[in-house]
Amino acid sequence: MSTHNAATPAHQIPVTELKGVGPRLAERLEKLHIHTLQDLLFHLPYRYQDRTRIHPIGSLRPGSEVVIEGEVQLSEIKFGRRRMLLTRISDGTGSLTLRFFHFNNAQKEGLSPGTRLRCFGEVRSGGATLEMVHPEYRRIIAEMSEVEEHLTPIYPTTEGLQMPGLRKLIDQALDRYSAGEVGLPDLIPPALLPAGMRGLRESLLTLHRPPPDIALSQFVDGEHPAQQRLAFEELLAHQLSLRLLRQQMRRYPAQPLAPAGELSAQLTASLPFTLTAAQSRVLAEIRHDLQQPTPMQRLVQGDVGCGKTIVAALAALQSVESGLQAAMMAPTELLAEQHYRSLSAWLAPLGVEVAWLTGKLKAKERREMLAAIEEGTAMVAVGTHALFQEEVVFKRLGLVVVDEQHRFGVHQRLALREKGVQQDGTHPHQLIMTATPIPRTLAMTAYADLDLSIIDELPPGRTPVETVAITDERREEVIARVATACAEGRQAYWVCTLIEESEKLQCQAAEDSLEQLCALLPHLRIALVHGRMKPQEKAAAMDAFKRAELDLLVATTVIEVGVDVPNASLMIIENAERLGLAQLHQLRGRVGRGSTKSSCVLMYHPPLSQQARERLGVMRESNDGFVIARKDLELRGPGEVLGTRQTGMLQLRIADLQRDQPLMQDVTTAAQLLLQAYPRQVEPLLQRWLGEKRQYANV
Ligand code: ADP
Ligand code: MG
């Protein structure tokens, strides 16, 4: 082991310098992302055991993990379904049974009546007395050591690395840190910390070696000030990296667009509706951005059906009016197709040609589309991720629109943006749209590199969808309900959900349902759409449904996004228990678009899991995308809700996006001040918390 001068920075000391760390152990530590002493010091316990005091047996409650002492009264082998050793101990306040399934003779002998024991384990309710199953125990001898001085930290470990070994390493690191041999600068000036928050050193030492009188419940909930201090620092580092990403984007030039002109006015006038106040406000924000000489980076959030497409179309038109192309990317073929049709219907009458590009285009059609995009005869292009393939060359791209952004990775979004980078270095403007409404503070973290607009209003005349959950044992009743609705001239969707992630099986299920429904409802006009049909077949079925030439559309979840038929007022979702809240909400958004009262039947296959029961409950109770998203966040956590963007961008070690929401306002303020007044602290903070993930921020 080499020696270091006083206070060598912790991030410069590799773990291999610690006693007992050879190449094999180092490899295992790497699995925990521990390379240096700094990493070890930031490797925090996820819970604690209290071995600091001895509890009277009479005071125990099931569920607690405690140290007890007592005298063995009785030890006997029981032959139930399994052979086991039961040892009854007592300390005068009460008695408790130790239960062992694995034991040898020597062990049994050692537990003979009269022996005094100290045990540690989880208390469970047993038969006549409380019990501990396979506790750690020792015989009490005269010069028995005291109980532990600190709470015992339990760290995340990995295969081949036992807790005691890891604890020893962390102890070595802590000793050197406490002794001042290892430097770990506190990178946040105290003035930037929220009131009452302690410094780094105190927080770290408290977390690794908590004194016995600390409130354990605070730790469990992550609410201890020491935990909050570190969560704050981690969130701050992420916030800073996103802000830098944004600053970097700001440094690129963009072609400022002219204010919206004649064509925009014509389109607005030709619509069969007027924009809602929320749409107008968001459009104004977009139009303002588009006139700037730096690229717009705006995220528009709005619930299903709030009318994001027309807002995007008007933004595209502003680009066209300045002689620049616009591209709009959607996550699925069906949605791209739907957008293509909406945009063509709006823009073609103004003489603006719209091209479209998906993976399923025939070779000839594809060549034509590519040529139109390259020559600039098509000023607007709509498509799936096929839009950013290599052969696609834009004449001059001014605006990139990404719909349902949570379905794309950051890389895909950036790839499309790269297409628009001109020889002179100008970058296209970017408009990103999502129907996954996440709480504002969470958005501040997850999308800190974007400006945020919210369309918080639905067009008038939308009626809340009445939702019921029914077991599939009552399928016939549900079918009768479809018959009644259609007899009244309404239309219905019958949605078959994903089975085992297989599109093929899902389509099969839809075909089976179609067959059954056709047999039971012979007087209805029924058709099928699913992902494996040819685009023309799909389009034909959807068109017929739109023109009310069909009563019932049996579909897979392909109709989740984009389908818009106001007369459809009933939706049946089969196996609704398999879907997540976001997807259920998206699906249900297909009804409730007209003036008639709409309903949605969530058919499920019992028994329901606790989570599924909660999901269906939320759907019954609310039509509000924000409420549903908040609940979704609670049930699944931000990682899942934010989708692919999460991976790589926001893998948090200590902070919890949801739990630590209350910190976000202060994090934002601190990020701003740090950049202004303490720019030198920024780099080390990013290094400490993002490490090798840093380069991600440079894309
Ligand atoms: P989403 O925000 O879910 O993408 P869409 O853009 O698909 O919603 O809009 C849903 C439907 O509402 C479309 O038929 C659209 O034409 C219509 N719509 C959009 N804005 C308005 C409005 N201001 N008034 C009435 N209908 C509108
Ligand atoms: Mg949409």
Q. Are any residues in region 508-547 of a type in the set (Asp, Glu) and either modelled with pLDDT of 95 or more or out of contact with any Leu (no Cβ under 8 Å at 6 or more places or on another chain) (or both), and if so, which ones?
A. Asp512, Glu515, Glu537, Asp543
Q: Could you please find all residues in region 13-69 being touching a Lys or Arg at 6+ places or on another chain (Cβ under 8 Å), farther than 20 Å from Thr206 by Cα and either among the charged types (D, E, K, R) or crowded, with 18+ Cβ neighbours inside 10 Å (or both)?
A: Val67, Ile68, Glu69
Q.
Quick check on my filter: what residues within region 287-307 are more than 10 Å from Ser453 (Cβ to Cβ) and within 16 Å of ligand 1 (Cβ to nearest atom)?
A. Asp303, Val304, Gly305, Cys306, Gly307
Q | Restricting region 55-84 to residues that are assigned to a strand (DSSP E or B) and under 47 Å from the mean Cα position of the chain (by Cα), the residue that is farthest from Thr152 (Cα to Cα) | A | Arg83
Q: Name the single residue, out of those in region 343-367 being within 13 Å of ligand 1 (Cβ to nearest atom) and buried (at least 18 other Cβ atoms within 10 Å of the Cβ), that is nearest to Val529 (Cα to Cα).
A: Leu343
Q.
Just to verify a result, which residue in region 317-337, among those that are hydrophobic (A, V, I, L, M, F, W, C) and within 14 Å of ligand 2 (Cβ to nearest atom), is farthest from Leu450 (Cα to Cα)?
A. Leu334
Q: Assess whether Glu574 counts as being away from ligand 2 (no atom under 16 Å from the Cβ), touching an Asp or Glu at 6+ places or on another chain (Cβ under 8 Å) and either among the acidic types (Asp, Glu) or at pLDDT 90 or above (or both).
A: yes
Q) Taking strands (runs of 3 or more DSSP E) that do not extend beyond region 112-192, which have at least 1 residues that are basic (Lys, Arg)? A) 116-122, 136-139
**Q.** Some residue of region 470-482 being within 16 Å of ligand 1 (Cβ to nearest atom), closer than 22 Å to Val558 by Cα, out of contact with any His (no Cβ under 7 Å at 6 or more places or on another chain) and at pLDDT 90 or above
**A.** no
Q: Quick one: Trp356 ticks every box in (1) farther than 30 Å from Gly594 by Cα; (2) without any contact (Cβ under 8 Å) to a residue 60 or more places away in the chain except a single one, so which number is it?
A: (1)
Q. Of a type in the set (D, E, K, R) and within 21 Å of Val482 (Cβ to Cβ) - does that describe any residue in region 523-531?
A. yes
Q: Within region 382-403, track down each residue that is within 16 Å of ligand 1 (Cβ to nearest atom), under 18 Å from Glu321 (Cα atoms) and in contact (Cβ under 8 Å) with a residue 60 or more places away in the chain.
A: Val401
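The values are calculated or read from the model by the stated rules, or taken from the named source; none is laboratory data. Just so it is clear, the model here is predicted, and its values are computed rather than measured. Cβ sites come from the backbone with ideal geometry, for glycine too, and all protein chains shown count toward neighbours.
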